[in-house]
Amino acid sequence: MLKALIFDVDGTLADTERDGHRVAFNQAFAAEGLPIVWDEALYGDLLFVTGGKERLTYFFTHTRPDLRPPGDLLPIVQRLHALKTKIYGQLLGAGAIPLRPGVLRLVREARAEGLRLAIATTTTPENLEPIWKAMGPDARSWFQSVAAGDCVPAKKPSPDVYEYVLAELGLTADECLAFEDSENGLRAARGAGLKTIVTVTDYTKAQNLTDALLVVDHLGEPDRPLTRRSGVPFTSPYVDVRALRALSEMRGRE
Ligand code: XBP
Ligand code: MG
């Protein structure tokens, strides 16, 4: 029986990558006087590396070693990432990026229906502050488990963060559903045995999402119907708890 919903953050709760994280990285490069700009296409390529610190390290060691600043890379990456996280918080704190369609509606309905809520994300914990703010004054307390960033040894597509959340909830994968936006996130959730609903973004809509239970453009609202892209048949205009209970009982892609 469905007991909990586990949400990814970036791309799922809010479409944060292109206009949020990417902009923050670029402003951090500029503040450090580095001649680096991650345009939308390059950032989309770099997103296959999960984790901002890991993404910076990959960029300086594989993508553009010619732009690597002199000296030990680790402290440079740590300083750049800390600056980026500060800038990101200011960007989103100003309400720059809204929650995706259907997210707040579904979270509120899930609480009302007695479903437990959790977060399983690669992003830095501080990046959740603007999400809580967008959801409402006591939103953080709605989530029984919040697993973020370096709380697990390996980031997505490793299943570690989802296994961490299942352990914290004391539930089995069959009692939960995962919500993701990307192939890496889907692989992480599936690796933990979770049926997964994917809401794609411009960056992820062409990725391999065949292992998802259902792929949609967003969770929908009564006045903004979703579009089903692939997976099990789904004709409702929006994802609600009734639909999730039925989806969680479905065989296939589990
Ligand atoms: C997405 C990520 C994160 C963000 C950047 O996380 O891979 O690294 O791109 O955030 P998820 P940080 O989709 O799992 O929420 O710079 O804090 O890592
Ligand atoms: Mg994501």
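The values are calculated or read from the model by the stated rules, or taken from the named source; none is laboratory data. Keep in mind it's a predicted model, so treat the numbers as computed, not measured. Cβ: placed from backbone, ideal geometry, glycine included. Neighbour counts: every protein chain shown. When the accessible area is computed, the model is the full protein with side chains, heavy atoms only, and any ligands, DNA or RNA have been set aside. Shrake-Rupley method; radii C 1.70, N 1.55, O 1.52, S 1.80 Å.
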Worksheet item: Which pairs have Cβ atoms under 9 Å, sit 6 or more apart or on different chains, and link a residue in the stretch 62-77 that is under 16 Å from Tyr43 (Cα atoms) to one that is surrounded by 10 or more Cβ atoms within 10 Å (Cβ to Cβ) and acidic (Asp, Glu)?
Response: Thr63/Asp45
Worksheet entry | Filter result for the condition that a residue is in contact with a Pro (Cβ under 7 Å, 6 or more places away or on another chain) and closer than 30 Å to Ile197 by Cβ, over Leu92, Leu47 | Leu92
Worksheet item: Considering the stretch 161-186 alone, what residues qualify as being closer than 19 Å to Leu47 by Cα and open to solvent by 30 Å² or more (accessible area, probe 1.4 Å)?
Response: Glu183
Discussion item. Filter the stretch 108-125 down to the residues that are open to solvent by 30 Å² or more (accessible area, probe 1.4 Å) and either more than 14 Å from the chain's Cα centre (by Cα) or of a type in the set (A, V, I, L, M) (or both) and list them by number.
Written reply: Arg108, Glu109, Arg111, Ala112, Glu113, Gly114, Arg116
Discussion item. Looking at the stretch 8-22 only, could you name the residues that are more than 9 Å from ligand 1 (Cβ to nearest atom) and open to solvent by less than 10 Å² (accessible area, probe 1.4 Å)?
Written reply: Ala14
Worksheet item: Restricting the search to the stretch 209-235, which residues are open to solvent by 30 Å² or more (accessible area, probe 1.4 Å) and touching a Lys or Arg at 6+ places or on another chain (Cβ under 9 Å)?
Response: Thr210, Asp211, Asp217, Glu221, Pro222, Arg229, Thr235
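Could you list, in sequence order, all residues of the stretch 136-152 that are more than 15 Å from ligand 1 (Cβ to nearest atom) and either aromatic (Phe, Trp, Tyr) or outside any helix (DSSP H, G or I) (or both)?
Those that are more than 15 Å from ligand 1 (Cβ to nearest atom) and either aromatic (Phe, Trp, Tyr) or outside any helix (DSSP H, G or I) (or both): Gly136, Pro137, Asp138, Trp142, Gln144.
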Discussion item. Checking Leu166 against (1) closer than 25 Å to Ala82 by Cα; (2) part of a helix (DSSP H, G or I); (3) among the aliphatic types (A, V, I, L, M): exactly one of these is not met. Which one?
Written reply: (1)
